[in-house]
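One structure below.
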Ligand code: FRU
């Protein structure tokens, strides 16, 4: 049984800079690399590094950038054979500046207006039986996303072993609030929570319980201030951020946190262990370039 991660894949060019440039300045960066991007693809990559059985599912294009990012998924054993391929499209890309001075990551993202999102028509072709867990980014066409999530809820009604549904809430749009009662596990980003007026991760996971379904697990990461989780009975646990060295790469830290929560819960850990594990994994990621250091947390 594997974990299906549904959402975006793109091509990231990551420039490591001593500091952010000023407008109109010409500056050399101190390092550059290309990697897969997109929250779902990043989380899939991390799940692969952790040795979880994982499949990425999203819309892809054709061409060298697509081949490059799919090869990276292959390298960590993440399947992607159900992806919907648009032969005449180039996948979205991001140009990212990592500032060594502050640890920030500044992103300029390009997505061709005609680049399609995954649709419900695509999703309904999937046989759901191989999956124990399906994770979605709340993005794109919400009416299609809603139908996808509802399809799993309906499928679960006839199953003894139910598929766990997790949803990521990162970019705030009012329309995604209706998804909150549908998830077994809510992964809420700091920006999203701040948008709702919450000042801390504790406050976010406590207040969001009113919007979540009964017994849902709610996780919220808050950058250098750590993360909080709320268990099925509303108990809240805060865990400080783990920083084993200077923070040099926060790109995809939230995606890494989410992947680590999913991996931990899906192998049977408690929610308290899951948040501790996720803070450890995400903190380690932030103190080394890229994602590969996460491999040291792999399950054997
Ligand atoms: C990080 C990330 C990058 C990507 C951007 C897309 O969370 O997924 O990999 O370029 O966000 O919004």
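Grab the DSSP H runs of the chain that are 4 residues or longer, score each as -39,500 (n - 2.57), total them, divide by all residues and round the 222 nm result to the nearest 500 deg cm²/dmol. Provide the component values of the computation, followed by the final result.
Values: 8 runs with 87 residues, N = 300.
Rounded to the nearest 500, the figure is -8500 deg cm²/dmol.
Return the distance in nm (one decimal) between the two label points of a simple spin-label model at residue 237 and residue 13, each offset 7 Å from Cα along Cα→Cβ.
Taking the two extended label points, one gets 4.3 nm.
Would you mind checking segment 33-75 for residues with the amide N under 15 Å from a putative spin-label position 7 Å along Cα→C-beta of residue 95?
33-34
Starting from the Cα gyration tensor of segment 204-300, take the square roots of the eigenvalues, sort them a ≥ b ≥ c, and report rounded, prolate or oblate (rounded when a/c is under 1.5, otherwise prolate if a/b is larger than b/c, else oblate). Write out the running numbers ahead of the final one.
Values: a/c = 2.41, a/b = 1.62, b/c = 1.49.
Verdict is prolate for segment 204-300.
Need one number: % antiparallel among DSSP beta bridges in segment 158-300, to the nearest 5.
Numbers: 8 of 16 bridges.
Here the antiparallel bridges make up roughly 50 percent for segment 158-300.
Can you give the convex hull volume per residue for the Cα atoms of segment 127-278, as a whole number of Å³?
Details: hull volume 18.1 nm³, N = 152.
Roughly 119 Å³ of hull volume per residue.
How much of the DSSP beta bridge set in the chain is antiparallel, as a percent to the nearest 5?
Details: 21 of 53 bridges.
In the chain, DSSP labels about 40 percent of beta bridges as antiparallel.
If I take R0 = 30 Å and measure r between the Cβ atoms of residue 124 and residue 191 in this structure, what FRET efficiency does the formula 1/(1 + (r/R0)^6) give, to the nearest 0.05?
Values: r = 31 Å, r/R0 = 1.05.
For R0 = 30 Å, the calculated efficiency reads 0.45.
Pick from 24, 160, 233: which is most flexible by mean-square fluctuation in a GNM of the chain where alpha carbon atoms under 10 Å apart are linked?
So, out of 24, 160, 233, the one fluctuating most is 24.
In square nanometres and to one decimal, what's the mean projected area of the convex hull around the Cα atoms of segment 169-223?
On the way: hull surface 12.9 nm².
With every direction weighted equally, the projected area is 3.2 nm².
Subtract the Cα-Cα distance of residue 20 and residue 150 from 0.36 nm times their separation in residues, and report this length gain in nm to one decimal.
Working: separation 130, 0.36 × 130 = 46.80 nm, distance 4.35 nm.
Contour length minus Cα-Cα distance gives 42.5 nm.
Extension gain residue 117-residue 159, at 0.36 nm per residue separation less the Cα-Cα distance, in nm? Intermediate results must be reported in sequence, preceding the final value.
On the way: separation 42, 0.36 × 42 = 15.12 nm, distance 2.89 nm.
Length gained between residue 117 and residue 159: 12.2 nm.
How far apart, in nm, are two points set 7 Å out from the Cα along the Cα-to-Cβ line at residue 141 and at residue 34?
For residue 141 paired with residue 34, the spin-label model returns 3.0 nm.
Run the numbers for residue 214 and residue 110: contour at 0.36 nm per residue of separation, minus the present Cα-Cα distance, in nm. Don't jump to the answer; show the numbers that get you there.
Values: separation 104, 0.36 × 104 = 37.44 nm, distance 3.86 nm.
Value of the extension gain: 33.6 nm.
Describe numerically, in nm with one decimal, the distance between label points set 7 Å from Cα along Cα→Cβ at residue 87 and at residue 295.
3.6 nm
Restricting the count to DSSP beta bridges whose residues both fall in segment 92-217, what percent are antiparallel, rounded to a multiple of 5? Intermediate values should be presented prior to the final figure.
Values: 6 of 16 bridges.
The antiparallel proportion sits near 40 percent.
Given springs between every Cα pair under 10 Å in a Gaussian network model of the chain, which of 156, 15, 39 has the largest fluctuation?
Maximum among the listed residues: 156.
In what order do 186, 49 fall by count of nearby beta-carbon atoms within 10 Å, going from fewest to most?
Numbers: 186 29, 49 26.
The order, fewest Cβ neighbours first, is 49, 186.
Got a sec? How would 76, 188 order by Cβ neighbour count within 10 Å, fewest to most?
Details: 76 22, 188 28.
Fewest-to-most ranking of 76, 188: 76, 188.
Taking the square root of 5 times each eigenvalue of the Cα gyration tensor, what semi-axes in Å does the equivalent ellipsoid of the chain have, largest first? Intermediate values should be presented prior to the final figure.
On the way: eigenvalues 153, 117, 66 Å².
Working from the Cα gyration tensor, I get semi-axes of 28, 24, 18 Å.
Laboratory data are not the source of any read-out in this text; all were calculated from the coordinates shown. Please read all numbers here as calculations on a predicted model, not as lab measurements. For neighbour counting, all protein chains shown are included, and Cβ atoms are generated from backbone atoms with ideal geometry for every residue, glycine included.
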